[in-house]
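Comments concern the structure below.
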Ligand code: SAH
């Protein structure tokens, strides 16, 4: 894929190429559309000034309010498992910096991103707008309830660790829809792929071990 060789998307291009090659491709991310999307979206545009030096490092980084921008590998893995097609519609739960939402927006027709912390939602909105990503709607609220106005979704990606699968999210998936969610304890989770069968029941497959910030709100951890 040709990069948009202008402005912020061109900055730090070689670091992004190295990130895609070393952190993603060599570690088993094979979906070329996902790799192209990770190349297209400048992670540094979602990272606060004090952390700019580390924007392409192989780790999560603080973004304020006690939250983090996810590790590039986990973003790519979650996007790969979501298996989005060009015409699809996705829900991003726990928008945080807006980075993962921006990557999802390269992979499908429409993204709704939901974030609990208003200040983060505002920052994310600004970062996404500055990149001209406009097939995306950012809302503030509790993602455990999904976002009914634009449901059903082909895929839902949750970027915070949950003790269980929020029922509203399964309800808001289309038949054969995919929910990617870190499931486990507050300290350690497994990235799980929940697939909704046509009869409404679900299949679960477990992938990478991971450590996400806790999902808060009605289906998450009471006082996290
Ligand atoms: N995908 C983000 C990762 C952010 S970390 C990125 O790429 O930067 C997870 C985010 O989930 C945090 O910003 C946190 O505030 C948010 N969050 C936690 N519980 C939530 C909930 N119930 N609804 C919406 N957002 C939630």
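Just so you know, all these numbers are worked out from the coordinates, no wet-lab data involved. For clarity, every value in this text was computed on a predicted model and none was experimentally measured. Here Cβ is always computed from backbone atoms with ideal geometry, including for glycine, and neighbour counts include all displayed protein chains.
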Legend entry - FRET efficiency, 1/(1 + (r/R0)^6) with R0 25 Å, evaluated for residue 32 and residue 185 via beta carbons: 0.15
Inset, instruction - Kindly state, to the nearest 0.05, the FRET efficiency for residue 54 paired with residue 203, given R0 = 45 Å and r defined as their beta-carbon distance. - result: 0.75
Legend entry - Rg and Dmax of the range 84-214, Cα atoms only, in Å: 13.9, 42
Inset, instruction - Determine one quarter of the surface area of the Cα convex hull of the range 6-102, which equals its mean projected area, and express it in nm² to one decimal. - result: 6.4 nm²
Inset, instruction - From zero up to wherever the largest Cα-Cα distance of the range 30-161 sits, split into 10 Å bins and tell me the percent of pairs in each. - result: 14, 50, 33, 4
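Using only the Cα atoms of the range 140-224, build the gyration tensor, take square roots of its eigenvalues as a ≥ b ≥ c, and label the shape rounded, prolate or oblate: rounded if a/c is under 1.5, else prolate if a/b is larger than b/c, else oblate.
Working: a/c = 2.22, a/b = 1.27, b/c = 1.74.
Oblate, because a/c is 1.5 or more while a/b does not exceed b/c.
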Inset, instruction - Output the peptides 135-142, 34-41 sorted from most to least packed, where packing is the average of other Cβ atoms within 10 Å over each peptide's residues. - result: 34-41, 135-142
Legend entry - Dimensions (Å) - the chain, Cα atoms, principal axes, largest first: 46, 35, 32
Inset, instruction - Indicate, rounded to the nearest 5 percent, the antiparallel portion of the DSSP beta bridges found entirely in the chain. - result: 45 percent
Inset, instruction - Rounded to the nearest 0.05, what FRET efficiency do residue 134 and residue 87 give with R0 = 25 Å and r taken as the Cβ-Cβ distance? Could you check? - result: 0.90
Legend entry - Relative contact order (%) - the chain, alpha-carbon pairs under 8 angstrom, separation at least six: 14 percent
Legend entry - Choice from 73, 207, 56 with maximal GNM fluctuation in the chain (Cα, 10 Å cutoff): 207
Legend entry - Degrees separating the helix 118-130 axis from the principal Cα axis of the chain, which is the longest one: 50 degrees
Legend entry - Cα→Cβ-extended label distance, 7 Å offset, between residue 13 and residue 126, nm: 2.8 nm
Legend entry - Estimated 222 nm signal from helices in the chain, with DSSP H stretches of n ≥ 4 weighted -39500 (n - 2.57), rounded to 500: -7000 deg cm²/dmol
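If you wrap a convex hull around the C-alpha atoms of the range 79-146 and split its volume per residue, what is the figure in Å³?
Values: hull volume 4.7 nm³, N = 68.
Measuring per residue, one finds 69 Å³ for the Cα hull of the range 79-146.
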Legend entry - Angle between the chain longest axis and helix 72-82 axis [Cα atoms, degrees, rounded to 10]: 50 degrees
